[in-house]
Ligand code: 2NL
């Protein structure tokens, strides 16, 4: 009987050795330790044994059962450890593999030019102020000396939303609002960048929506020479120190006197070429001394205060500096165009 138990033990251990996974281990357990297994059978048959043999066989059967159980547990544990190691090996991250490239974006060229211009004016003591793109008739027109019957506010030129609301046609309403907030006390020294809207047919040089930057400097004793000095400094910083400006008389309802500002042609240096239509000059800005009525409507006493204002189209400044031939490139999001601006 005891020999039979020893043989069962070696058989079981041999089979356990062959077990490849927990299922195999379970099969071994059922086969040897199960209710219908050989050890249970031995224990059941104990009644037929002599009183002398019975405790010995019982002891041996229990020992064998205990040892098999112990080996089963050990095998299970080592299988679990093996499985965990396999899983960990599978999850190992190879830090030397090349990563996914994250494509670097860049500022839109118009944003880049706006920021470039802002930086120059900040350097000249101006603050940057923004305001709403949907404006009231009052701030867009009335406060800028464009009364109801004025031809410049013809419905054809603006996008009206209601009788009183429209998409702003310039950023001057931001300046009118800012002057109002100052309650008649200077200085007001601001530039106002932003989108503006005009009813226009789009082509290489026109767009119904474009980017404008206007500037305003109101204080005591502001003169035309201040305007000229600031704009000359700005043009030299933006286009290059070799460039210079000239002022020509013009007309705007919100300034008096009004001027157009020309810069020397960057292609021929002033001698005349196709770019400047042989004149040597390129028109880049409109400007003037703030009309006394405009100062007054915004709460400033025109006897005490004076100011200058100017306005420029950002697209035009970008076209001229970077040699772009069509304003529509700015709005069509062609990556071949946009990708060229990463460096600025
Ligand atoms: C252009 C050039 C200009 C102004 C804008 C302005 C603003 C206030 C008062 C007076 Cl609050 N003027 N802005 C002045 C002159 C020219 O823009 O070509 N505009 C049609």
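See the values below:
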| item | result |
| --- | --- |
| Bins of 5 Å, starting at 0 and running to the largest distance - Cα pair percent for the stretch 260-344 | 3, 12, 15, 15, 12, 13, 11, 9, 8, 3, 0 |
| Spherically averaged projected area in nm², based on the convex hull that wraps the Cα atoms of the stretch 110-251 | 10.0 |
| Alpha-carbon spread of the stretch 33-138, three principal axes, descending order, Å | 119, 42, 24 |
| Exposure proxy ranking, count of Cβ atoms within 10 Å, fewest first, for 171, 96 | 96, 171 |
| Fluctuation leader among 115, 83, 133 - the chain, Gaussian network, Cα springs under 10 angstrom | 83 |
| Prolate/oblate/rounded call for the stretch 191-309, Cα gyration tensor, a/c under 1.5 rounded | oblate |
| Average projection area in nm² (convex hull over Cα atoms of the stretch 85-135, one quarter of hull surface) | 8.9 |
| Separation between Cα centres of the stretch 25-43 and the stretch 230-276, rounded to whole Å | 104 |
| Ellipsoid semi-axes in whole angstrom, largest first, where each is sqrt(5λ) of the Cα gyration tensor of the stretch 2-90 | 32, 11, 9 |
| Alpha-carbon centroids, the stretch 65-85 and the stretch 139-155: separation in whole Å | 92 |
| Rounded D (µm²/s) - the stretch 64-194, Kirkwood Rh over Cα pairs, Stokes-Einstein at 25 °C, 0.890 mPa s | 113 |
| Ranked 48, 75, criterion: other C-beta atoms within 10 Å, fewest first | 48, 75 |
| With eigenvalues of the C-alpha gyration tensor scaled by 5 and rooted, the stretch 172-245, Å | 26, 22, 8 |
| Computed [θ] at 222 nm, deg cm²/dmol, the chain (DSSP H ≥ 4; -39,500 (n - 2.57); rounded to nearest 500) | -12500 deg cm²/dmol |
| Pairs of Cα atoms farther than 27 Å apart, the chain, % | 63 |
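Readers should treat all values here as calculations from the given coordinates under stated rules, not as data from a laboratory. It should be emphasised that the depicted structure is a prediction, and the values quoted were computed from it without experimental measurement. Neighbour counts run over all protein chains shown; Cβ positions are idealised from the backbone, glycine included.
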